[in-house]
Amino acid sequence: CSRWEEEKKEDGVKWMQLEHRGPYFVPPYEPLPEDVKFYYDGKPLKLSLATEEVATFYAKMLDHEYTTKEIFQDNFFHDWRKEMTSEEQEIIKDLDKCDFREIHKYFVDKNEARKALPKEEKQKLKEEADKIQEEYGYCILDGHREKIGNFKTEPPGLFRGRGEHPKMGMLKKRIMPEDVTINCSKDSKIPEPPEGHKWKEVRFDNTVTWLASWTENIQNTLKYIMLNPSSKLKGEKDWQKYEVARRLKAVVHTIRAQYRKDWKSKEIKKRQRAVALYFIDKLALRAGNEKEEGETADTVGCCSLRVEHIQLHDQLDGQEHVVEFDFLGKDSIRYYNKVSVEKPVFKNLQLFMKNKDPTEDLFDHLTTNFLNKHLQHLMDGLTAKVFRTYNASITLQEQLKALTNPEDNVAGKLLSYNRANRAVAILCNHQRSIPKTFARSMQVLQEKIDAKKKQVEEAQAELKKAEEEFKDTKDAKAELNVEKKKQLLKRLEEQLAKMNIQATDKEENKQIALGTSKLNYLDPRISVAWCKKFGIPIERIYNKTQREKFAWAIDMAGEDFEF
């Protein structure tokens, strides 16, 4: 049997043996050289160590858009002042009078110097990193040596958050051994804390798969050291996730018939559940959990939508019964969409919104819990998230069938693959901001295309000349020359076509993040089967890390795999 199918343990038990070295702690802060100065109000000011360290976090980010945002500046300044001595607090009262430019330049230069190191030096640094990886980056789990995902604690710095996060700029504190809970097996060699320190606690809990945990200070959430995605434990979990989604495929028609019936239910609770489920199924919305007030950004999902998040239009852009969504979803990413819905859904929404203030809940009789209980009743293991996985995977499979032309060359087929992946990313609303380097790299590509076009034109002219020469002389050498020029032209035209495909792909992809769906929502067996069927090397779709994570799928899927 393969390692994916070894003996099962009793319910809830994840391992019998777990041994590791504990987390690798970020090296302590190194003070700035004497000649690198911070200026306040135009005059140099020597900072205490703790204050200087936090100043370097801000200085490093000067060329980043974050430091231009008021909320980032305010949060940073507030937290920075807490680290200052009382003397420093007396002097430093205004962020606008702080000049971090010399510190910023120091780090930029340091970075450049590291990039410019001779090859042997770089090799030495790599060997040091590899040594740490060897020592801390593996654990023994039930006799297997498994790779750990993130064995280093996160370095201190300024919190960024995604989207417009209200806590951006706050100080992310250094993690100390005293913050860390270790998890391992009783009879293993228990990891030693760094000298002069002790762990917060050591526990022996084999019902969880994390090796160490601590609470981070910004959101007060638990962070874990987990196994690498390529490990057997994670691979099995991943595989099971897609198997649950495949089970949904068999019952989804029944579920759809059921929620359509519930649109007319006598109970408002059931109607709300049925409309919410329709959105989750049709639009792949996240369920949206209830959150603590004021704890986090004001983001919502389907169940927590408020009246202000949707607008109803009888007619819009030539469609009827249109719902216009506009809200901030997970990670403060805006969800904006105009969707034509079925008439009963539209009528129900009018009913749910009647006599309500904008800030009131749209589904005021619905909780995520009530919804998930109902889903569990419909199919074992079914939650709202399974719909996202199912709809993403099924969309990829259908789009690949529709878009792939077996006659295309590899570049053409890969464009079709990326287009299918884009359809999924759009469904899941996986956006990114246009990369800073986008315009420049597009321009470089365009210049290459223009140069290649010129080469093609020259080759065409040369071929014409050769053909005329052959017409005149009819000798074998001239005929060979025509053949040679034809081959050259063909090769150049293929290169040009490939570049044009690349430019199309780049342009269509500038605001879409493909990675999230590829790693989390798409059954990798669909992609593996597609590669095998059309003779595309798997490395054109998955990089090394992804190939490790999806080793189970590469093992399992033949070219005729159907999700």
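Observations on the model:
- q = 0.19, 0.31 Å⁻¹: log10 I(q)/I(0) that the Debye formula gives for segment 123-174, counting C-alpha atoms only: -0.78, -1.11
- For the chain, the extents of the C-alpha atoms along the principal axes are 95, 76, 57 Å, listed from largest to smallest.
- The chain, relative contact order in percent, only Cα pairs under 8 angstrom and at least six apart counted: 12 percent
- Extents of segment 306-353, taken as max minus min of Cα coordinates on every principal axis and listed largest first, are 32, 24, 14 Å.
- For the chain, with all protein chains in place and a probe radius of 1.4 Å, 50% of the accessible heavy-atom surface sits on carbon or sulfur.
- Relative contact order %, segment 357-467, counting alpha carbon pairs below 8 Å whose residues are six or more apart: 17 percent
- Glu102 accessible area, assembled protein chains, probe 1.4 Å, Å²: 60 Å²
- Per residue, segment 392-556 exposes 58 Å² of solvent-accessible protein surface, assessed with a 1.4 angstrom probe and all protein chains in place.
- Whole-Hz ³J(HN,Hα) from phi, Karplus 6.51 cos²θ - 1.76 cosθ + 1.60, for segment 54-65, glycine and proline x: 5, 4, 5, 4, 6, 4, 4, 9, 4, 8, 9, 4
- With protein chains left intact and a 1.4 Å probe, residues in segment 154-239 average 51 Å² of accessible area per residue.
- For the chain, DSSP calls about 90 percent of its internal beta bridges antiparallel.
- Shape summary: segment 38-118 maps onto an equivalent ellipsoid whose semi-axes, from the alpha-carbon gyration tensor, are 24, 15, 11 Å in decreasing order.
- Surface calculation, 1.4 Å probe, protein heavy atoms: Met170 sits at approximately 50 Å² accessible.
- Long-range HN-HN contacts of Val26 with modeled amide H, under 5 Å: Thr153
- Largest to smallest principal axis extent of the C-alpha atoms in segment 234-380, angstrom: 47, 38, 31
- Options His365, Tyr259, Gln311, ranked by Cα towards positive dipole end of segment 234-380, top entry (Cβ charges): Tyr259
- At most 12 other Cβ within 10 Å, DSSP loop - GluC sites (Glu not before Pro), segment 349-445: Glu407
- Looking at segment 38-118, the accessible area is 59 square angstrom per residue; that uses a 1.4 Å probe and ignores ligands, DNA and RNA.
- Neighbour-limited loop hits for chymotrypsin sites (Phe, Trp or Tyr not before Pro), segment 47-147 (at most 14 other Cβ within 10 Å; DSSP other than H, G, I, E, B): none
- Two-site FRET efficiency, Thr207 against Glu483, from Cβ-Cβ distance with R₀ of 56 Å, rounded to 0.05: 0.20
- A 1.4 Å probe, protein heavy atoms only, puts the accessible area of Leu277 near 0 Å².
- The loop-placed trypsin sites (Lys or Arg not before Pro) in segment 233-279, going by DSSP, that have at most 16 neighbouring Cβ atoms within 10 Å of their Cβ come out as Lys264, Lys266.
- For segment 402-455, the Cβ-based charge dipole about the Cα centre amounts to some 240 debye (Lys, Arg positive; Asp, Glu negative; other atoms uncharged).
- Shape index of segment 392-556: Rg/Rh, with Rg the Cα radius of gyration and Rh the Kirkwood radius from the inverse mean 1/r over Cα pairs, equals 1.12.
- Once backbone amide H atoms are built at 1.01 Å from N, Gln17 has Asp142 as its partners under 5 Å, excluding neighbours fewer than 5 places away on the same chain.
- Between Ile426 and Asp357, the simple label model (points 7 Å from Cα in the Cβ direction) yields a spacing of 3.9 nm.
- The mean sequence separation of alpha-carbon pairs under 8 Å and at least six residues apart, normalised by the residue count of segment 234-380, gives a relative contact order of 23 percent.
- Estimated vicinal HN-Hα couplings, Hz - segment 391-400 in sequence order (Karplus 6.51, -1.76, 1.60; Gly, Pro = x): 5, 5, 5, 5, 4, 4, 4, 5, 5, 4
- For segment 456-463, Karplus couplings with θ = phi - 60° (6.51, -1.76, 1.60), whole Hz, Gly/Pro x: 5, 4, 4, 5, 5, 4, 5, 4
- Once backbone amide H atoms are built at 1.01 Å from N, Tyr335 has Phe327, Leu328, Gly329 as its partners under 5 Å, excluding neighbours fewer than 5 places away on the same chain.
The values are calculated or read from the model by the stated rules, or taken from the named source; none is laboratory data. Keep in mind that this is a model prediction, so the values were computed, not measured. Positions of Cβ are generated from backbone atoms using ideal geometry, with glycine treated the same way; all protein chains shown enter the neighbour counts. The accessibility values were calculated without ligands, DNA or RNA, using every heavy atom of the protein model including side chains. Shrake-Rupley method; radii C 1.70, N 1.55, O 1.52, S 1.80 Å.
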